[in-house]
Amino acid sequence: MLDALRALVCAGNKLLPRAGLVTWTSGNVSGRDRETGLVVIKPSGVRYDDLTPEQMVILDLDGRLVEGTLKPSVDAPTHLYVYRHRPDVMGIVHTHSTFATAFAAVGKPIPVYLTAIADEFGGPIPVGAYAPIGGEEIGQEIVRSIGTSCAILMKNHGVFTIGPDVLAAVKAAVMVEDVARTVFYALQLGQP
């Protein structure tokens, strides 16, 4: 079931460590099927090197297991909440990438100091309030605070990106870290 989406979500997950956005088993990618509304997400606690498309977990929008033998990511309630409230979103990525998460740790949005930020995100990358892991609270804060951006920093947590498909959400996660690193270094040299 949903073999193509499972393969795409698996490939998206495998891109995260290659891009330096996650360590060990942290972070995740999910995708929503346009026809059925079902969600494919990374299983919990599986190392990225060991992931296979068959291990991806399929859930309905209420969190019921449709297919899979492994436990879904602990962030599944967050992803599902966003999908239920943002019908335009078909891909979600969550990372703890170093530079972007540093901005999240101190609750500072990533300012528009570069054309790349304006081009990719349309404005500063916002920060959502802290919310506990494991329930819908993070998803609620994402929906409340992300606005028209495709990325948000969650205070004291990490990065979430959304997109019209899985690859767009992965690209946004890569771009967030890239601009966060550049802005961080620019701030060391002075105020842009």
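Readers should treat all values here as calculations from the given coordinates under stated rules, not as data from a laboratory. Just so it is clear, the structure is predicted and the values come from calculations on it, not from any experiment. Methodologically, a virtual Cβ is constructed for each residue, glycine included, from the backbone with ideal geometry; neighbour enumeration extends over all protein chains shown.
Sorted from fewest to most neighbouring beta carbons within 10 Å, what does the list Thr161, Thr148, Thr23 look like? Please report the intermediate quantities before stating the final value.
Details: Thr161 28, Thr148 8, Thr23 14.
So the residues, fewest neighbours to most, are Thr148, Thr23, Thr161.
Tally Lys/Arg at +1 and Asp/Glu at -1 over every other residue whose Cβ is under 15 Å from the Cβ of Pro132; what's the total?
Net charge around Pro132: -3.
What does the charge add up to near Ile142, with Lys and Arg as +1, Asp and Glu as -1, over the other residues with Cβ less than 13 Å from its Cβ? Provide the component values of the computation, followed by the final result.
Details: positive: Arg84, Arg86, Arg144, Lys155; negative: Asp75, Glu136, Glu137, Glu141.
Local charge sum for Ile142: 0.
Can you sort Leu51, Leu65, Leu59 so the residue with the fewest Cβ neighbours within 10 Å comes first?
On the way: Leu51 18, Leu65 14, Leu59 24.
Ranking Leu51, Leu65, Leu59 by Cβ neighbours within 10 Å, fewest first, gives Leu65, Leu51, Leu59.
Straight-line reach from Lys71: which lysines have Cα under 25 Å away, leaving out those fewer than 8 places along the same chain?
Within the straight-line limit of under 25 Å, Lys71 reaches these lysines: Lys14, Lys42.
What are the lysines whose alpha-carbon lies under 19 Å from the alpha-carbon of Lys108, with same-chain residues fewer than 8 places away excluded?
Partners within reach: Lys155.
Of Met56, Met1, Met90, how do they rank once you tally other Cβ atoms within 10 Å and put the fewest first?
Working: Met56 29, Met1 12, Met90 21.
By the 10 Å Cβ count, ascending, the order reads Met1, Met90, Met56.
Hey, can you list the DSSP H helices of the chain whose Cα span along the axis is 30 Å or longer and whose average Kyte-Doolittle score is at least 1.0?
On the way: long enough: 166-189 (35 Å, 1.30).
Within the chain the helices that satisfy the rule are 166-189.
Can you give me the relative contact order of the chain as a percent, contacts being Cα pairs under 8 Å and 6 or more apart? List each step's numbers first, then the result.
Numbers: 412 pairs, mean separation 41.8, N = 192.
Rounded, it is 22 percent for the chain.
Tell me the Kirkwood radius of the range 1-64: reciprocal of the mean inverse pair distance over distinct alpha-carbon atoms, in Å.
Details: mean 1/r = 0.0848 Å⁻¹.
Roughly 11.8 Å, rounded to one decimal.
Students often check this: by mean Cβ neighbours within 10 Å, which of 5-18, 33-46 ranks highest, and how do the rest follow? Please report the intermediate quantities before stating the final value.
On the way: 5-18: 20.3, 33-46: 17.7.
Packing order, densest peptide first, comes out as 5-18, 33-46.
How large are Rg and Dmax for the chain when only the alpha carbon atoms are used, in Å?
15.7, 53
Tell me, how many Å apart are the Cα centres for the range 137-154 and for the range 25-64?
Result: 20 Å between the Cα centres.
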